[in-house]
Amino acid sequence: MNSTAKTFFIDKSSAIPIYTQLASWMESKITTGEWPQNFRLPGEIELAKQVSVSRGTLRKAISKLIEKNLLVQIHGKGTFVSPFIVEQTWAGRLVGIYDELMLMGIPFKTQIIEQDIIPAPPKEADQLGLTPGQPIYHIKRLRSVENAPLVVMENYLDATQYEGLLNMDLAQHGLMEIIEKLYGLTLTWASHNISVIRAGAEMASLLQIGISDPILFNEHVVYDENERKTLYSKLWFRSDRYRLRTIVHRGANEAFYSAMSHTPIQPPKVLSQKHPQTQSVQKIWSLSDLLPPERIEINAKVNTPEEAIRLVGKLMVDSGAVEPRYIDGMLNMSNQLGPYIVIAPGVALPHARPEDGVIEPCLALATLNPPIKFGNLNYDPVRLVFAIGAVDAYQHIDALRSFATFLSQTNNLEALLKADSKEEILRILDA
């Protein structure tokens, strides 16, 4: 922190107030990840000294970022970077925003703005390989995280191919999930065009930002396994709340060209670059299917959330359901989500991504006696620690949805919290 704070310089010739300049500098630290999620800022006196401003100026800057949900203040603990700077990773993965948020365990809400059938405008028709004027589905939604807008999404599909789509609850399900599960298609790859644009009046209002503020605009077409154009989408992201991360690999012969060497070209090492094919999962996983008795521990005694996560992780590892590295994945995810890992009164739900070492779909459960605090002021202390593992995104989402449905029934939660044997827990899950 000390080294980075020195990079802030005040432009005294600018008409922009100093606190606004400081807020912009701090925002850049957050959105670039230099100040990661849950990063604790130094105390006001120390930070004001580091950036050479008054405490009043610093407080104004912090207030601006709190209003934008980039910082949060916890009484008695300090000021922290919000855990909800959503980072989506592209590394050979075709995953929608719905899937990404579900996989990360981040609560979100979706609002339907428009949902209708329209004659295809020329551009939309071209993107879908249709004739202008053909009927297409037009779906416009706003997705929010922590009650703050994240992205506006507009989707277009051939209306003749997806009968009944408008009757689906598109606020509660991901569109790609519906296409694969309900209509039996396999989505294999997508072509993206990404740019930074300025917010007009409509997007500024929907995303709760200023007119002309920067927006990350993503326009893409999704193809199925037969190379057919299946879905055309336009997405407008708040650039202060969304970060895109991708991984690329240097080709075998690119170093040769960059060095302008006359060394004879060797046959390149061919790496598999197949587009991932998401397998359609028809089954909605029941909790009892995934939780055998050997992955349940009753009245465990632990002192910290980390010990509890390692305990349920070990149950999964010992049963051969996940690799040992999955435990580290759960701990990393827990560090990102902080207290939001506690998803109901007395219940914590650690998990990691499918690619973090899941071998087969699984659940593990430890009941804690005594219960311990995870840092969630509303739902602590935690008595039940469930862990979820799934081999792909849709299995993971099914498991999370089954779990949420189960806990939404108050009697189920109360019964689990009182259970004191494996048999009783399994009976409750089977009910």
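The values are calculated or read from the model by the stated rules, or taken from the named source; none is laboratory data. In this text, all values refer to a predicted model and were calculated from it rather than measured experimentally. Please note: Cβ atoms are built from the backbone with ideal geometry, for glycine as well, and neighbour counts cover all protein chains shown.
See the values below:
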{"quantity": "Candidates His138, His173, filtered to the one that is at pLDDT 90 or above and out of contact with any Ser or Thr (no Cβ under 8 Å at 6 or more places or on another chain)", "calculated": "His138"}
{"quantity": "Qualifying residue in region 267-287 (condition: modelled with pLDDT of 50 or more and not in a loop (DSSP other than H, G, I, E, B))", "calculated": "yes"}
{"quantity": "Hey, Ile327 in contact with a helix residue (DSSP H, G or I) (Cβ under 7 Å, 6 or more places away or on another chain), crowded, with 22+ Cβ neighbours inside 10 Å, in the same structural domain as Asp420 (by TED's automatic domain parsing) and without any contact (Cβ under 8 Å) to a residue 60 or more places away in the chain or not", "calculated": "yes"}
{"quantity": "Identity of the residue in region 305-324, assigned to a helix (DSSP H, G or I) and of a type in the set (A, V, I, L, M, F, W, C), that ends up nearest to the chain's Cα centre (by Cα)", "calculated": "Ile309"}
{"quantity": "Condition met for Ile16 (assigned by TED's automatic domain parsing to the domain that holds Asp224, at pLDDT 85 or above and exposed (fewer than 14 other Cβ atoms within 10 Å of the Cβ))", "calculated": "no"}
{"quantity": "All helices (runs of 4 or more DSSP H) inside region 325-431 with 2 or more residues being under 21 Å from the mean Cα position of the chain (by Cα) and modelled with pLDDT under 80", "calculated": "325-337, 393-407"}
{"quantity": "Qualifying position, being modelled with pLDDT of 80 or more and aliphatic (A, V, I, L, M), among Ile106, Ile62, Ile85", "calculated": "Ile62"}
{"quantity": "Subset tally (residues that are β-branched (Val, Ile, Thr) and part of a helix (DSSP H, G or I)) for region 21-80", "calculated": "7"}
{"quantity": "Test: residue in region 143-155 that is free of Cβ contacts under 8 Å to residues at least 24 places away in the same chain and closer than 18 Å to Asp99 by Cβ", "calculated": "no"}
{"quantity": "Hey, Gln73 among the polar types (S, T, N, Q) and modelled with pLDDT of 75 or more or not", "calculated": "yes"}
